[in-house]
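First the structure, in the form of structure tokens, and then the observations on it.
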Amino acid sequence: MTVGSCQVFDVAVLGGGPAGLVSALLMRRNGYKVAVLSRPSNTGEKVGESMPAATNLLLKKLGLPLLDTHTHDLITGTQCYWAGHLTQQDGLTFLHGCDWRLNRNAFEKMLAEQARESGVQFVEQTLLHLYKEKTNWLLITDKEQSFQADFIIDASGRSTMMSRLLSIKKEKGAPLVALWSSAVLDDTTYKTLSQQTFIESQADGWWYAARLPQKRLIAIFHTSAEYAATLHKHPHLWQTKLANTQLISKHIPIDPVIHAERHINNARDTRLKAYYGTGWAACGDAALSFDPLSSQGIYNALASAAMLYKALLSNNRDSALIAYQQQLNQVANIYQQKRQQYYQQAYHEFQTEFWKKQLKENIRKTVAN
């Protein structure tokens with residue numbers, strides 16, 4: 001239905017990533033008229049592909065296709081050289097089996113197809129303005145189109161549109177960025193490459209390296225924004241950093257990623273002071289985002305979308321949203337405690353300004369919470 005040139009929806013979902021797509025799909029399945037507003041599709045490579053073994057249990061509960069080894073890869077274990085100590089985990093010994101390495105684009109394409117088939121409408125435009133009216137919201141895009149919605153789900157990721165447009169308070173962790181590159185490997189090299197995850201700390205940051213689906217290899221260095229800018233500007237420094245790793249350089253062919261194009265992404269953790277308000281709620285990274293060390297970003301997106309859906313359909317929505325807030329706070333506190341342990345170890349080993357700032361910020365947040 002339309003009012004003049006303004007389309008009307010029950011729910012407007014901001015963001016077309018995993019959290020937004022699952023939120024839209026679940027609400028549409030329950031009879032709501034739903035629109036997903038997101039920027040024009042970006043089919044480029046995305047960082048963030050690890051999922052726990054329990055993912056298929058969640059996907060089954062949500063009525064979504066399960067992960068399979070034709071499209072995605074199994075993670076056979078992890079080797080972590082952290083603060084001078086090597087630890088190894090074998091994925092075959094985990095309760096639910098091996099974790100997963102997603103073909104991220106294929107996974108999001110599947111979610112989008114499920115949403116479209118259910119009747120979700122996609123609006124690939126940038127949201128510029130958001131106004132709260134008496135009983136609904138007015139949304140205006142960069143194409144000068146307007147939409148009305150009774151309820152907004154913010155699944156816009158770390159950009160948190162609701163926080164930015166409505167000045168909702170957000171707590172940010174210490175600045176952290178991911179400087180990364182990936183490369184396509186030849187068949188022989190790819191087949192002989194380990195399916196383990198490799199993690200390694202250094203004096204001014206930490207590395208993640210892994211084999212990806214579609215014959216790719218990725219290496220990511222997490223560090224301060226200033227140092228990442230220096231490494232990006234001076235490729236030989238980036239090459240030296242990776243070549244000097246004690247663990248990773250022994251298990252992956254570093255030449256392909258050394259000479260591949262480098263990219264920078266924001267990796268700091270964020271947390272809204274409130275995950276919901278009158279006529280809106282947030283899920284996924286828009287509500288709570290993690291330092292990539294947790295490897296829980298995408299799973300949290302799916303799980304929080306499912307939790308929010310359950311709360312919105314509750315007979316007592318107010319009480320259910322309070323419980324939703326408490327659940328996410330519990331998740332955040334557990335994450336902070338684990339991050340604290342790892343970063344404390346690294347600081348004791350290196351005694352550098354990078355680790356000091358990361359640890360100090362984490363202590364402040366833990367106390368504040």
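Computed quantities for the displayed model
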{"read-out": "Boolean, A35 is closer than 29 Å to A267 by Cβ and open to solvent by less than 70 Å² (accessible area, probe 1.4 Å)", "value": "no"}
{"read-out": "Check on Q7, at pLDDT below 95, surrounded by 12 or more Cβ atoms within 10 Å (Cβ to Cβ) and farther than 25 Å from L217 by Cα", "value": "yes"}
{"read-out": "All positions within the stretch 252-280 that are of a type in the set (D, E) and under 30 Å from A12 (Cβ atoms)", "value": "D269"}
{"read-out": "Single residue of the stretch 174-213 satisfying the filter (in contact with a Leu (Cβ under 9 Å, 6 or more places away or on another chain) and β-branched (V, I, T)) that is surrounded by the most Cβ atoms within 10 Å (Cβ to Cβ)", "value": "I199"}
{"read-out": "Of residues in the stretch 69-87 being open to solvent by less than 20 Å² (accessible area, probe 1.4 Å) and not in a strand (DSSP E or B), the one farthest from L293 (Cα to Cα)", "value": "H72"}
{"read-out": "Selected residue (only one of N315, N265 is within 30 Å of D204 (Cβ to Cβ) and either open to solvent by 10 Å² or more (accessible area, probe 1.4 Å) or outside any helix (DSSP H, G or I) (or both))", "value": "N265"}
{"read-out": "The stretch 288-312, subset part of a helix (DSSP H, G or I) and of a type in the set (S, T, Y), residue farthest from R271 (Cα to Cα)", "value": "Y309"}
{"read-out": "Residue identified as open to solvent by 60 Å² or more (accessible area, probe 1.4 Å), without any contact (Cβ under 8 Å) to a residue 24 or more places away in the chain and over 19 Å from the mean Cα position of the chain (by Cα) among H232, H259, H236", "value": "H236"}
{"read-out": "Some residue of the stretch 340-360 being surrounded by fewer than 23 Cβ atoms within 10 Å (Cβ to Cβ) and part of a loop (DSSP other than H, G, I, E, B)", "value": "yes"}
{"read-out": "D90 vs. criteria over 24 Å from Y32 (Cβ atoms) and surrounded by fewer than 14 Cβ atoms within 10 Å (Cβ to Cβ)", "value": "yes"}
{"read-out": "So V22, is it over 30 Å from T192 (Cα atoms), at pLDDT 95 or above, part of a strand (DSSP E or B) and not charged (D, E, K, R)", "value": "no"}
{"read-out": "Scope the stretch 214-229; condition within 24 Å of E353 (Cβ to Cβ) and open to solvent by 10 Å² or more (accessible area, probe 1.4 Å); matching residues", "value": "S224, A225, E226, Y227, A229"}
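The values are calculated or read from the model by the stated rules, or taken from the named source; none is laboratory data. Quantities reported herein were computed from a predicted structural model and do not represent experimental measurements. Neighbour counts run over all protein chains shown; Cβ positions are idealised from the backbone, glycine included. Side chains are part of the model used for accessible areas, which takes the heavy atoms of the whole protein and leaves out ligands, DNA and RNA. Shrake-Rupley method; radii C 1.70, N 1.55, O 1.52, S 1.80 Å.
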